Amino acid sequence: MRRLLLAAVLGFLSLAPAFAFEPEERLPDPVLETRARALSKELRCVVCRNQSIDESDAELAKAMRRLVRERLSAGDSDAEALAALQARYGDFIRLLPPLTVGTVLLWAAPVALLLGGLAAWRGAFRRPGAASAAEIPAEDAAALPRPAAPVLLAAAAGALLAAGAAYAALGRPGLPDQPYRPRLAERLGVSQSSIAEMEGMAERLETHIAKTPGDGRAWAMLGRAERYLDRHAEAAAALSRAAALGETGADTLGDLAESLILRDNALTPEALRLFGAIRAADPADPRAAWFLGAAAAEAGDHPRAAAIWRDAAARQPAGSAWRRRLEIQASRLPAP
Amino acid sequence: MNRNAWMPLFVFVILLGIAGARLGQPEPPLPSALEGKPLPAFSLPLLAGEGRLTPDTLKGRPAILNVFGSWCAACVAEHPIWAEVGKRVDVYGVAWLDEPAKTRAWLAERGNPYKAVGVDKDSRFALDMGVAGAPESYLISPEGRIVAKVPGPVTETVWKETLLPALEAMK
Amino acid sequence: MIAEAGHFALILAAVLALVQAAAPGLAHLFRRPGIAGLTGFAAAGQAVAMACAMAALIHAFAVSDFSVRVVFENSHTAKPMLYKVAAAWGHHEGSLLLWAALLSAFGGVTALWNQGLPGGMRLRVLAVQGLVSCGVLAFLELTSNPFDRLSPAPFEGRGLNPLLQDPGLAVHPPLLYVGTVGVSVAFAFAVAALWSGRIGPGWARAVRAWTLIAWIFLTAGIALGSAWAYAELGWGGWWFWDPVENSALMPWLTATALLHAVRGVERRGGAEGWVVLLAILGFGFSLLGMFLVRSGVLTSVHAFAADPLRGVFILALFGLIEGGALALFAVRGHRLSGRIAFAPFSRDGALLLNTVLLIVATGVVLFGTVYPLLAEVLGIGRISVGAPFFDATVLPLLSPLIALMAIGPLMRPGRDSPRRLLRPAGIVGGVGLLAAAASAAWGGWAAAGFGLAAAVAAGTVLLLWRSRRSLTRRGLGMAVAHLGVAVAIAGMTGGSQLADEAIARLPVGGSLVLGGRSFTLAEVRAVPGPNYIATRARVTGPGGLALTPETRRYENPPQTTTEAAIASTPLGDTYAVIGEGGPDGAVLRMFSKPLLPWLWASSVLMCMGGGIALFARLPRLRRRER
């Protein structure tokens, strides 16, 4: 619809998605079609920024292209087709502004500038001119003057003091840097070096994936790295890609479901569906039981939650951490 | 003194003046090429049931034509005013580039202040009227002449200062 | 504390800029010439301080310090390192900091590099540079502080537009900035000349060297931007006459004129006033570009988010710097011009005429770009001035210029006679007409384009042949750059006038015909990328040609980009893009762009030519210094 107004560089970003033009729009008669294309390039897409309707994919531009083609097919001349749109939208629609009272200046400018330039060029040879300036000997000393050491020191001190005073008013002297990695390390309770290691691994995996995007295992590993780095949206994206590529082990699917939950901060139906499938295949999977039970508890179905948790706890080896956690979770439910 | 040497400064000051005058101003709206002219011929299917919306539908009394769409955010903000305006003058809507089902749902949610709503799915009407965006509104005289065009939302101020006086003048 | 240190460095740079600008005046006031020497130290110090500030901002982006507001707004932790660093100048504040840092760097180099200029001239140049820096740094600190902090800091950034995640875009803005900022040195020399009332020895040589540096970078920056647009936008176009494109073109045209005019002054003197005016205009157009992009007066796809206060500030800055220089020119400019010691019909006369024609073309571009604003302000109504206008006006203006460029260098300096010129002009014109006749079948524009390109090439080759025993490096540089122009014209003409296009909705296995060649859509499949899903088609053509155009759908933020597939040969490009499609088929659009790769080759030639001419200069300068 729009070329995005982009906070960008002084560069050449013109951001219309390509393909304004669709094959079905073309006229069967190549002569008419060529005329229509040429006309389209002269008509401005009124809802766009400096684009012709030929390059725009806005709906209105498409309708204008259709109108131009209908007119030409009905036997209109180019001028008549242009006039039809001009009557509705005014001169604004013409990228080649027609000569009117308002554009006399615009069209006269190139001619006036050219004539003025030629006259100035010719006139330059008639001017007497000053004695050639380049020949005037320089009065200046050859070198830059050197400030005395005390002057230099005083100036340096003065500049630092002035800058310091201005900074005190404008800056935030008390505010330390807050780079991302230490903050993440603190939040996750791990060391910065292990985060750096994981970031390096994620980067290597990304380069690998760029070359072989069909490698499901690499996607799964990337997903785990992203999970570790607390980037759950990225983790979910990578893991679902892995799942689509055939990595459908309980580990991967469980990680995916957990990432989805962490990303959306809710027990979403999609995540629960994944856990349901895992539990159906392996009733002993503690993580699936954990979240399915939680969902049941959240829905108020406490007996079902207790049943899921107790059942899974019983399937864990005696003394394992999961067993303890599931049992504690079940015992915390309000008694029926 | 060389007069030519002042030319660049002269041109520069003019350019600076233009830039200064334009600075901070919003882009002026596109003036309507159709103001003062009779409505172009159109025939739009009605959103509700049989029949069509044509210039003849509007004739005999002053009317307002409002171009809107369920996809248009500014139309949501504008919408409440039509219930108010509808008490003074007939307001007709044209749903532009919109699926009728979506338009119906949109109107069901916000109320339908329009006397009738025409459907312009393929922009034929919009092109004939020189519509450049939604919302856009037209004040139509009883003889079917386009008296005023408001590009963008009709606000309380626009209604009181532009459309209402024009409407009074007609009567 | 690195972010805060960067902020302090920025403020210190502003204070030093003030010292740099004021020292000569203070020296005069206190009658202590030594004080004036502070200017050089301040310029060097300012360059160092700004380098530190820029480094601090890049560091904040590299470590994702979201307590710095611009990092939060324009970066994300999951981005590859290259784009994290490039994001440091991918927004208003950072790009302006880079701009200002480059300005300071040029000031520092002027301070340290004794170009064989008298001390007084260097002092004035430095003071003018300090004044410009002062304004830009005040603008930066007061309206666009890149070191603005957030407390508490957010945990994740908002990310950068996927379109900006392109290696070309990491390099393109800095290149272009070196060019636009580089013109400021010539500007400072021009104002210093007006200030002192004389053009001393070495002035023209120094201006030429600085302009050449800026011109090389402008050429490279514009070419890179165009090449990016060509490869990424999927329209097969490379130039759209957009206001912001125009505002990069205007400094280039002016710098080109300056480069040639100052050559004449260096050789014979006479048009000093014109050279000074060109230098002032060149930087004026750089500032105008900055104003247009950052103030929000023009609607352009390239514009930064508008902020009225910023607009007012830039306008005031623009008015003071450029208006002040032009006022000085109005009062004192005529004093500089010496008597012209050559005839209009001579090599120097032709050179002067061509600089005038370049400025006329620049004026038309300027007028067309701002005319819609003028019409609005004067109440004429809203008017569009688009590509067809510029094509219809600028191209005819450039044609005589290029014809003159083919013949002018073959003329004698000082004075020439039409009779003597008859033979070389006959050869050049003959080659041009022959090429035009040979390409007339493709239409008038093609004939004109190829005719002019052939004439320029013939003229340049003839010049090289004539001076084969006495060829200087500067002469060689000029010849290479002029050949570059010939190649560029051929590339542009071929790429537009000989171009062909085909579009069809094809099933897999279906084919379309482009310029007599048949291309088959062999396969369409979804290919996952790191943060997007691509629909990739494989298109096969005659001679084993295989193209894989893509559309990429990014998820966050949701956006679709096209990756055109381009097969380049020296004879031309075959260009393919796909639109909507699935495993069964897709819309395929193909262009053939004969000779278009010549356009990119030509920019290399032009930069090379500039480089050869520049390095011909430097050794001699060094000798002078001793």
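For segment C:191-219, enumerate the residues that are within 13 Å of chain A (Cβ to nearest Cβ) and among the basic types (Lys, Arg).
C:198, C:205, listed by residue number.
Are any residues in segment B:114-132 within 24 Å of residue B:29 (Cβ to Cβ) and either surrounded by fewer than 19 Cβ atoms within 10 Å (Cβ to Cβ) or in contact with a His (Cβ under 8 Å, 6 or more places away or on another chain) (or both), and if so, which ones?
Result: B:124, B:128.
Anything in segment C:321-337 that is more than 7 Å from chain A (Cβ to nearest Cβ) and of a type in the set (Lys, Arg)? List them, or say none.
Within segment C:321-337, C:332 is the sole residue that qualifies.
Give me the helices (runs of 4 or more DSSP H) completely within segment A:256-318, filtered to those with at least 2 residues that are under 30 Å from residue A:217 (Cβ atoms) and out of contact with any Asp or Glu (no Cβ under 9 Å at 6 or more places or on another chain), ordered by residue number.
Ranges flagged: A:269-281, A:286-298.
Suppose the filter is assigned to a helix (DSSP H, G or I) and either more than 21 Å from residue A:149 (Cα to Cα) or more than 9 Å from chain A (Cβ to nearest Cβ) (or both); does residue C:15 pass it?
The answer is no for residue C:15.
Does segment C:88-109 contain any residue that is over 22 Å from the mean Cα position of the chain (by Cα), at pLDDT 85 or above and among the polar types (S, T, N, Q)?
No, that holds for no residue.
Select from segment C:497-516 the residues that are away from chain A (no Cβ under 14 Å), crowded, with 17+ Cβ neighbours inside 10 Å and within 28 Å of residue C:442 (Cβ to Cβ) and list them in ascending order.
Once the filter is applied, which keeps residues that are away from chain A (no Cβ under 14 Å), crowded, with 17+ Cβ neighbours inside 10 Å and within 28 Å of residue C:442 (Cβ to Cβ), segment C:497-516 yields only C:498.
If we scan segment B:37-60, do we find a residue that is within 14 Å of another protein chain (Cβ to nearest Cβ), more than 30 Å from residue C:288 (Cα to Cα), of a type in the set (Phe, Trp, Tyr) and in contact with a helix residue (DSSP H, G or I) (Cβ under 8 Å, 6 or more places away or on another chain)?
Yes, that holds for at least one residue.
Mind counting the residues in segment C:41-62 that are surrounded by fewer than 21 Cβ atoms within 10 Å (Cβ to Cβ) and closer than 26 Å to residue A:234 by Cβ?
3
Return the residues of segment A:97-113 that are assigned to a helix (DSSP H, G or I) and within 43 Å of the chain's Cα centre (by Cα); say none if nothing qualifies.
Listed by number, the residues that qualify are A:102, A:103, A:105, A:106, A:107, A:109, A:110.
Pick from segment A:144-175 the residues that are surrounded by fewer than 13 Cβ atoms within 10 Å (Cβ to Cβ) and either closer than 25 Å to residue C:4 by Cβ or in contact (Cβ under 8 Å) with a residue 40 or more places away in the chain (or both): which of them is nearest to the other protein chains (Cβ to nearest Cβ)?
A:173
Does residue A:234 qualify as being out of contact with any Pro (no Cβ under 7 Å at 6 or more places or on another chain), at negative phi, among the acidic types (Asp, Glu) and assigned to a helix (DSSP H, G or I)?
Spelling it out, residue A:234 is indeed out of contact with any Pro (no Cβ under 7 Å at 6 or more places or on another chain), at negative phi, among the acidic types (Asp, Glu) and assigned to a helix (DSSP H, G or I).
Scan segment A:61-104 for residues that are within 14 Å of chain C (Cβ to nearest Cβ) and surrounded by fewer than 16 Cβ atoms within 10 Å (Cβ to Cβ) and report the count.
6
Please give the number of the condition residue C:396 fails out of (1) surrounded by fewer than 19 Cβ atoms within 10 Å (Cβ to Cβ); (2) touching a Lys or Arg at 6+ places or on another chain (Cβ under 7 Å); (3) under 25 Å from residue C:444 (Cβ atoms); (4) not polar (S, T, N, Q).
Result: residue C:396 passes all but (2).
Listed here are the residues, each with its yes/no results for (1) crowded, with 24+ Cβ neighbours inside 10 Å; (2) part of a loop (DSSP other than H, G, I, E, B).
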{"position": "C:172", "(1), (2)": "yes, no"}
{"position": "C:178", "(1), (2)": "no, no"}
{"position": "C:188", "(1), (2)": "yes, no"}
{"position": "C:199", "(1), (2)": "yes, yes"}
{"position": "C:213", "(1), (2)": "no, no"}
{"position": "C:218", "(1), (2)": "yes, no"}
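All but one of (1) modelled with pLDDT under 90; (2) farther than 27 Å from residue A:274 by Cβ hold for residue A:172; which doesn't?
The failed condition is (1).
Scan segment B:12-27 and tell me whether some residue there is touching a His at 6+ places or on another chain (Cβ under 6 Å), under 30 Å from residue C:328 (Cα atoms) and within 14 Å of chain C (Cβ to nearest Cβ).
No, there is no match, as no residue in segment B:12-27 is touching a His at 6+ places or on another chain (Cβ under 6 Å), under 30 Å from residue C:328 (Cα atoms) and within 14 Å of chain C (Cβ to nearest Cβ).
Which pairs do you get when a residue that is under 18 Å from residue C:95 (Cα atoms), found in segment C:140-161, comes within reach of a residue that is modelled with pLDDT of 90 or more and among the hydroxyl-bearing types (Ser, Thr, Tyr), reach meaning Cβ atoms under 6 angstrom, with the pair 6+ apart or on two chains?
These pairs meet every condition: C:149/C:67.
Between C:423, C:347, which is more than 23 Å from residue C:266 (Cα to Cα) and of a type in the set (Lys, Arg)?
Result: C:423 is the single residue among C:423, C:347 that is more than 23 Å from residue C:266 (Cα to Cα) and of a type in the set (Lys, Arg).
With segment B:22-114 as the region, which helices (runs of 4 or more DSSP H) entirely inside it contain at least 3 residues that are of a type in the set (D, E, K, R)?
By residue number, B:100-110.
Return yes or no: is residue A:119 out of contact with any strand residue (DSSP E or B) (no Cβ under 9 Å at 6 or more places or on another chain), more than 7 Å from chain C (Cβ to nearest Cβ) and either within 30 Å of residue C:404 (Cβ to Cβ) or in a helix (DSSP H, G or I) (or both)?
yes
State all residues of segment C:338-387 that are basic (Lys, Arg) and within 10 Å of chain A (Cβ to nearest Cβ); if no residue qualifies, say none.
Listed by number, the residues that qualify are C:339, C:382.
Please give the number of the condition residue A:81 fails out of (1) more than 38 Å from the chain's Cα centre (by Cα); (2) aliphatic (A, V, I, L, M); (3) closer than 21 Å to residue C:394 by Cα.
Of the numbered conditions (1) more than 38 Å from the chain's Cα centre (by Cα); (2) aliphatic (A, V, I, L, M); (3) closer than 21 Å to residue C:394 by Cα, the odd one out for residue A:81 is (3).
Please go through segment C:234-266 and give me each residue that is within 11 Å of chain A (Cβ to nearest Cβ), among the charged types (D, E, K, R) and more than 17 Å from residue C:175 (Cα to Cα), ordered by number.
Hits for segment C:234-266 are C:242, C:266.
The values are calculated or read from the model by the stated rules, or taken from the named source; none is laboratory data. Being a predicted model, the structure only gives us computed values, none of them experimental. With ideal geometry, Cβ positions are generated from the backbone for all residues, glycine too; neighbour counts draw on all protein chains shown.
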